[in-house]
Amino acid sequence: MEITLTNGAAKAVILDKGAELRSLDFSGKELMWRADPAFWGKSSPILFPMIGNLHGGKTLINGREYAITKHGFARDNTFEAEKISDNCASFTFRANEQTKLSFPFDFVLTLQYTLNEDSLEMKYTVTNSGIGNMPYCIGAHPAFACPNEEGADFTDYSLIFEKNETVNSPVMDLETRMWGDNNRVSRLDGTSEFKLAYPLFDNDCVYFDTIRSKSAALVSGKSGKGVRISWDGFETLGVWTPDHKNAPFVCIEPWCGCDDYDTDDGIFVHKRGIQTAGAGETKTYCIKIEEI
């Protein structure tokens with residue numbers, strides 16, 4: 001099932017499976033990747049309760065070993081969908097016996113979409129509905145069409161961060177699927193512009209794990225137009241495209257949590273960026289997408 005939101009000339013389409021945004025159109029201009037499975041069959045999955053990979057696919061939670069699949073299970077499950085108004089809808093997923101086989105906690109995960117005439121707001125809430133503390137990761141994975149104008153190429157685009165940044169990103173080991181904590185590459189050196197090129201993604205995602213900015217704009221060097229994504233509550237940023245296919249999209253992904261580093265100890269609560277909600281506590285994370 002899908003829910004369509006409208007507000008003036010703006011339109012958004014969200015699936016109940018994974019509460020996934022499939023289309024965002026402002027005045028006839030589609031911003032999202034079309035989820036062509038020849039490249040990548042998703043457009044904006046939610047990442048919970050895990051982001052990326054665990055070393056060996058397993059982790060220790062309260063002294064017991066659990067296997068959590070890449071990016072977690074929320075994206076593969078159907079959410080309860082409620083259309084609140086023409087421009088607002090809410091999607092909710094709750095823990096069940098199946099989820100507890102890999103993540104032994106009671107939770108309520110909600111993603112609320114509010115469509116404005118010139119932007120889309122996405123509000124993620126995580127509630128610990130059980131007892132004791134609940135560690136978790138949460139992240140977004142929106143994929144934007146790139147290039148997205150006539151006569152432009154992927155390499156015509158840059159990410160322009162809110163602030164000047166100095167970032168040395170860890171490099172992914174493609175065999176272990178772990179970040180190299182002591183194997184880093186300079187991505188930004190006191191600048192705000194990160195120019196896109198497919199070879200940058202030879203080792204999978206480019207991870208800005210020390211980012212200070214809370215927004216980034218995907219901008220065409222030809223027209224100066226594009227899309228801006230802003231975030232609140234999320235701590236780091238992943239940027240990804242499957243370079244070997246020259247895919248016409250790029251994902252801009254605010255995260256709390258990430259793949260394991262090669263210096264991690266395998267204990268889930270010790271993961272970088274891990275979030276913790278106490279019994280009955282709700283935590284909120286927000287994203288805003290707007291055409292520029």
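Numbers for the structure displayed
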| quantity | calculated |
| --- | --- |
| Residue match in the stretch 174-187 (condition: aliphatic (A, V, I, L, M), over 27 Å from GLU30 (Cβ atoms), in contact with an Asp or Glu (Cβ under 7 Å, 6 or more places away or on another chain) and assigned to a strand (DSSP E or B)) | yes |
| Count - residues of the stretch 188-225 that are part of a loop (DSSP other than H, G, I, E, B), of a type in the set (A, V, I, L, M, F, W, C) and either farther than 18 Å from ILE160 by Cβ or over 16 Å from the mean Cα position of the chain (by Cα) (or both) | 3 |
| Some residue of the stretch 36-53 being at pLDDT below 95, outside any loop (DSSP other than H, G, I, E, B) and more than 15 Å from VAL250 (Cα to Cα) | no |
| Number of the exception - THR241 against (1) surrounded by fewer than 21 Cβ atoms within 10 Å (Cβ to Cβ); (2) in contact with a helix residue (DSSP H, G or I) (Cβ under 9 Å, 6 or more places away or on another chain); (3) modelled with pLDDT of 95 or more | (1) |
| Options GLY273, GLY280, GLY266, GLY257: the member that is in contact (Cβ under 8 Å) with a residue 12 or more places away in the chain, touching a strand residue (DSSP E or B) at 6+ places or on another chain (Cβ under 8 Å), surrounded by 22 or more Cβ atoms within 10 Å (Cβ to Cβ) and farther than 29 Å from PRO147 by Cβ | GLY257 |
| Within the stretch 182-194, tally of residues that are surrounded by 15 or more Cβ atoms within 10 Å (Cβ to Cβ) and either in contact (Cβ under 8 Å) with a residue 40 or more places away in the chain or among the small types (Gly, Ala, Ser) (or both) | 2 |
| Subset of the stretch 72-95 [without any contact (Cβ under 8 Å) to a residue 40 or more places away in the chain, under 20 Å from the mean Cα position of the chain (by Cα) and not in a strand (DSSP E or B)] | PHE73 |
| Search result, residues across the stretch 195-214 that are of a type in the set (Phe, Trp, Tyr) and surrounded by fewer than 20 Cβ atoms within 10 Å (Cβ to Cβ) | TYR198, PHE201 |
| Residue count for the stretch 220-238, restricted to those that are under 23 Å from CYS137 (Cα atoms) and surrounded by 15 or more Cβ atoms within 10 Å (Cβ to Cβ) | 9 |
| Tally of residues being assigned to a strand (DSSP E or B) and surrounded by 17 or more Cβ atoms within 10 Å (Cβ to Cβ) across the stretch 126-165 | 18 |
| Of all residues making up the stretch 225-272, the number that are touching a Cys at 6+ places or on another chain (Cβ under 7 Å), small (Gly, Ala, Ser) and farther than 18 Å from GLY57 by Cα | 2 |
| Conditions (1) crowded, with 19+ Cβ neighbours inside 10 Å; (2) under 22 Å from SER230 (Cβ atoms); number of the one not met by GLU121 | (1) |
| Subset tally (residues that are in a loop (DSSP other than H, G, I, E, B) and either among the acidic types (Asp, Glu) or within 13 Å of PRO49 (Cβ to Cβ) (or both)) for the stretch 96-110 | 6 |
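The values are calculated or read from the model by the stated rules, or taken from the named source; none is laboratory data. The structure presented is a predicted model; accordingly, all values stated were derived computationally and were not measured. In this analysis, Cβ positions are derived from the backbone assuming ideal geometry, glycine residues included, and neighbour counts consider all displayed protein chains.
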